[in-house]
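The structure appears below as structure tokens.
Just so you know, all these numbers are worked out from the coordinates, no wet-lab data involved. Remember, predicted model here, so these are calculated numbers, not experimental data. Don't worry about glycine lacking a Cβ; one is built from the backbone with ideal geometry, like all the others, and counts go over all protein chains shown.
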Amino acid sequence: MKNRNSKLAMLFILALSFMSYTTLKDKTVNIEESSVIWNGYKVGGEHTGTIALKSGTLAFDGANLTGGNFTIDMTTINTTDLKGEYKGKLDGHLKSDDFFGVEEFPTATLKITSVTGKDGNFNVKADITIKGKTEAISFPMLIKDNTATANLKIDRTKHNITYKSPSLLETLKDKAIYDEFDLNVTLKF
């Protein structure tokens, strides 16, 4: 009887383990319907634009977010608040080595390393790699239906992007470009 109960207990544990693994699911992000909007700030103003995702997945255990991986196509940096010559100049400058160096670093990545929360409200920790430099960041993410939204603050100096940084160049304070920029992300899956 003892041996039979042990076998039943073992089968029950295996069944529960199997059920928990069957709820794990990766969801591919629809990159055409998703958006990444950036905002960069300088003394006396700001600029905004878009950048495209190259790929992305979110990992779930049932309804709970457990991870994710994203690749951002840095060659698609696009300014949306300017037109004509000024837009072309800013787009080109952002793609240059002064900023994102897209010729050498055509992609950036974000890997979710841990998640807490439930019921669609999550606190995410992730590693973001830009220009070959990785920074640990954290941000809230809201998931409802098949949409995830998040607002990230990135410190560009952590990625060796120091052009007109006020933290490094005291003499350029009136022409400074602030170190942090925002990424407002909407993911459809």
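General observations
- In the calculated pair-distance distribution of the stretch 53-97, the portion above 14 angstrom amounts to 63 percent of the Cα-Cα pairs.
- Modelled spin-label separation between Glu135 and Asp91, with each label point placed 7 Å from Cα along the Cα-to-Cβ direction: 2.5 nm.
- J(HN,Hα) series, the stretch 93-105, from Karplus relation 6.51 cos²θ - 1.76 cosθ + 1.60, nearest Hz, glycine and proline x: 5, 5, 7, 6, 5, 4, 10, 8, x, 5, 5, 7, 10
- Remark: spin-label model distance Asn184-Thr80 equals 0.8 nm, labels positioned 7 Å along the Cα→Cβ axis.
- Placing +1 on the Cβ of every Lys and Arg and -1 on the Cβ of every Asp and Glu, with nothing else charged, gives the chain a dipole about its Cα centre of roughly 900 debye.
- Diffusion constant of the chain at 4 °C, which comes from Stokes-Einstein with the Kirkwood Cα-pair radius and 1.567 mPa s, µm²/s: 69 µm²/s
- Applied to the stretch 36-43, the Karplus parametrisation 6.51 cos²θ - 1.76 cosθ + 1.60 on θ = phi - 60° returns per-residue 3J(HN,Hα) values of 10, 10, 9, 10, x, 10, 9, 4 Hz, with x for Gly and Pro.
- For the stretch 103-189, the Stokes-Einstein estimate of translational diffusion at 10 °C and a viscosity of 1.306 mPa s comes to 109 µm²/s, using the Kirkwood hydrodynamic radius over alpha-carbon pairs.
- Label-point gap, in nm, between Tyr41 and Asn69 - each point 7 angstrom along Cα→Cβ: 3.4 nm
- The residue list Val102, Asn121, Pro166 was ranked by how far each Cα lies along the charge dipole of the chain toward its positive end, using unit charges on Cβ atoms, and Asn121 comes out on top.
- Mean Cα-pair separation over length for the stretch 97-166, i.e. relative contact order, pairs under 8 Å, 6 or more apart, %: 27 percent
- The angle separating the long axis of helix 2-22 from the principal Cα axis of greatest extent in the chain is about 30 degrees.
- Residues whose placed amide H lies under 5 Å from that of Gly67, excluding near-sequence neighbours: Ala59
- Over the chain, DSSP H runs of length four or greater, each weighted -39,500 (n - 2.57), average out per residue to a 222 nm ellipticity of -6000 deg cm²/dmol.
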